[in-house]
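Visitor: One structure, pasted below without further comment.
Every read-out reported here was derived from the displayed coordinates using simple, explicitly stated rules and does not represent laboratory data. If you're wondering where the values come from, they're calculated on a predicted model, not measured in any experiment. Here the Cβ is made from the backbone with ideal geometry for all residues, glycine too, and neighbour counts use every protein chain on show.
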Amino acid sequence: MSFSLDSVVPWGRSFDEYVAMFALEPRDLRRRILGCADGSAAFNAVANRAGGGVVSVDPLYEYGAVEIKQRIDAVFQSVLDETERNKDEFVWRHVQSVAELGELRKTAMDEFLADYEAGVKEYRYVAGELPSLPFMDQTYELALCSHFLFLYSEHYDLQFHIDSLKELCRVAEEVRVFPLTELGARPSRHLKQTIDACIQAGLNPRIVVVDYEFQKGANRMLRLSTT
Ligand SMILES: C[S@@+](CC[C@H](N)C(=O)[O-])C[C@H]1O[C@@H](n2cnc3c(N)ncnc32)[C@H](O)[C@@H]1O
């Protein structure tokens, strides 16, 4: 893999944010779930503690807990400073200040770090990357992808998005992706053509408004199913 730790900014969201972003219901949480690009989010740790079956895949998991924590510590303050500079791009409703955001993210990343080594041994944190995942066809009932696809539309082209969504649909019966905006709080430049390509491939795309909006305008997820 060409992935380098210096190129990633670990910034993990909480379990509750995942539930809201992906409109997860209790029955969803009982499904076999793949969290793709979960990075240092707390979703896997908290879901697992509650008896769920979540496997996370991310190139970050090539690294050990110590290296990941060092990288988190190295970038943490600069991400908060950047958020402060771009404060207008966010909705300060559930989270009311940059300081509160820092606490929320730190708690989530601490939960991830506390779970990581045990989770690697239990094959819950697997190193791998889109657009080619190390899983058999239809291993999962649900795949979630938070804050990777569409968000980095400037860095990943249309074909990467199409290939990645097809790949997620290969490994899971249903796929949910959030958000559909790219950095700068603009709708992703690849969204329409990616959806058209999914329809042509026989996948059923549906855009769903969810009860979560932190980046302004980012309150929609893409839902894809093969049935
Ligand atoms: C902004 S973080 C999102 C973390 C988490 N999903 C969340 O919402 O808190 C983006 C993640 O994408 C991961 N990533 C980068 N390239 C990837 C790829 N090709 N396939 C899957 N994940 C990738 C990074 O390692 C990082 O953990």
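Visitor: Output ³J(HN,Hα) for region 20-32: one whole-Hz value per residue in order, computed from phi by the Karplus curve 6.51 cos²θ - 1.76 cosθ + 1.60 with θ = phi - 60°, and x for Gly and Pro.
Guide: Taking θ as phi minus 60°, the curve returns 6, 4, 9, 6, 6, 9, x, 5, 5, 5, 8, 7, 6 Hz for region 20-32.
Visitor: While we're here: Hey, if you drop one equal point scatterer on each alpha-carbon of region 58-186 and run the Debye formula without solvent, what base-10 log of I(q)/I(0) do you get at q = 0.11 Å⁻¹?
Guide: Listed by q, the Debye log ratios stand at -0.50.
Visitor: Run through region 89-134 and list the trypsin sites (Lys or Arg not before Pro) located in a DSSP loop whose Cβ has at most 14 other Cβ atoms within 10 Å.
Guide: Working: sites: Arg93, Arg105, Lys106, Lys121, Arg124; in loops: Arg93, Arg124.
In loop regions of region 89-134 (DSSP not H, G, I, E or B), the sparsely surrounded trypsin sites (Lys or Arg not before Pro) are Arg93.
Visitor: What size of dipole, in debye to the nearest 20, comes out for the chain about its Cα centre when the only charges are +1 on Lys and Arg C-beta atoms and -1 on Asp and Glu C-beta atoms?
Guide: Details: 25 positive and 35 negative charges, 127 e Å.
Computed charge dipole of the chain: roughly 620 debye.
Visitor: Stretched out fully, how many nm does the piece from Asp16 to Gln96 gain, at 0.36 nm a residue minus the Cα gap? All intermediate terms of the calculation are to be shown ahead of the outcome.
Guide: Numbers: separation 80, 0.36 × 80 = 28.80 nm, distance 1.62 nm.
Here the segment from Asp16 to Gln96 would lengthen by 27.2 nm.
Visitor: Here's something else I'd like to know. What length, rounded to one decimal in nm, is gained on full extension from Glu154 through to Val126, with 0.36 nm per residue of separation minus their alpha-carbon distance? Don't jump to the answer; show the numbers that get you there.
Guide: Values: separation 28, 0.36 × 28 = 10.08 nm, distance 2.62 nm.
My answer for the length gained is 7.5 nm.
Visitor: Rank the residues Thr227, Thr139 as a footprinting-exposure proxy: fewest other Cβ atoms within 10 Å of their Cβ go first. Present the calculation step by step, with values, prior to reporting the outcome.
Guide: Numbers: Thr227 6, Thr139 16.
Fewest to most other Cβ atoms nearby, the residues stand as Thr227, Thr139.
Visitor: Please report how many Lys pairs in region 82-227 have alpha carbons closer than 30 angstrom, counting only residues at least 8 apart along the chain or sitting on separate chains.
Guide: 9
Visitor: Another question about this same structure. Based on the mean of other beta carbon atoms within 10 Å per residue, what is the order of 46-59, 75-88, 163-176, most packed first?
Guide: Values: 46-59: 18.7, 75-88: 12.8, 163-176: 21.6.
Descending packing order for the listed peptides: 163-176, 46-59, 75-88.
Visitor: Near the amide H of Ser153, under 5 Å away, which other amide H atoms are found, from residues 5 or more places off or on another chain, if H is placed in the peptide plane?
Guide: Leu183
Visitor: ³J(HN,Hα) across region 141-157 via Karplus (A = 6.51, B = -1.76, C = 1.60, θ = phi - 60°), whole Hz, x for Gly/Pro?
Guide: 8, 9, 10, 10, 9, 9, 6, 9, 5, 6, 4, 9, 4, 5, 9, 10, 7
Visitor: Here is a further query. Where does the chain land on the Kirkwood hydrodynamic radius, alpha-carbon pairs, in angstrom?
Guide: 17.7
Visitor: Expressed as a rounded percentage, what relative contact order does the chain have, with Cα pairs under 8 Å and six or more residues apart?
Guide: Working: 404 pairs, mean separation 52.5, N = 227.
Relative contact order, the chain: 23 percent.
Visitor: Turning to a different aspect of this structure: Starting from the Cα of Val209, step 7 Å along the direction of its Cβ; do the same at Ala74; then give the gap between the two resulting points in nm.
Guide: In this crude spin-label approximation the distance works out to 4.3 nm.
Visitor: Moving on. Can you give the FRET efficiency to the nearest 0.05 for Leu5 and Asp137, using r as the Cβ-Cβ distance and R₀ = 22 Å? Let's see the in-between values first.
Guide: On the way: r = 31 Å, r/R0 = 1.40.
Calculated value: 0.10.
Visitor: Identify the chymotrypsin sites (Phe, Trp or Tyr not before Pro) of region 109-146 meeting these criteria: DSSP loop state and at most 11 other C-beta atoms within 10 Å of the C-beta. Provide the component values of the computation, followed by the final result.
Guide: Details: sites: Phe112, Tyr116, Tyr123, Tyr125, Phe135, Tyr140; in loops: Tyr123, Phe135.
Here the sparse-neighbourhood loop sites are Tyr123.
Visitor: May I pose another question? Please label the shape of region 1-112 as rounded, prolate or oblate, based on the square roots a ≥ b ≥ c of the eigenvalues of the alpha-carbon gyration tensor (a/c under 1.5 means rounded; beyond that, a/b larger than b/c means prolate, else oblate). Numbers along the way, then the final one.
Guide: Numbers: a/c = 2.05, a/b = 1.16, b/c = 1.77.
Judged from the Cα gyration tensor, region 1-112 comes out oblate (a/c at least 1.5, b/c at or above a/b).
Visitor: Work out from phi, with θ = phi - 60° and the Karplus expression 6.51 cos²θ - 1.76 cosθ + 1.60, the ³J(HN,Hα) of each residue of region 84-94, listed in order in whole Hz, and give x for Gly and Pro.
Guide: 4, 5, 10, 3, 5, 7, 10, 9, 9, 10, 5
Visitor: With the crude spin-label approximation of a point 7 Å out along Cα→Cβ, what separation in nm comes out for Asn86 versus Glu67?
Guide: So the two model labels end up 2.7 nm from each other.
Visitor: Further question: Within a Cβ distance under 9 Å of Arg31, other residues only, what is the Lys/Arg minus Asp/Glu net charge? Provide the component values of the computation, followed by the final result.
Guide: Working: positive: Arg27, Arg30, Arg32; negative: Asp28, Glu141, Glu173, Glu174.
After counting each charged neighbour, the total is -1.
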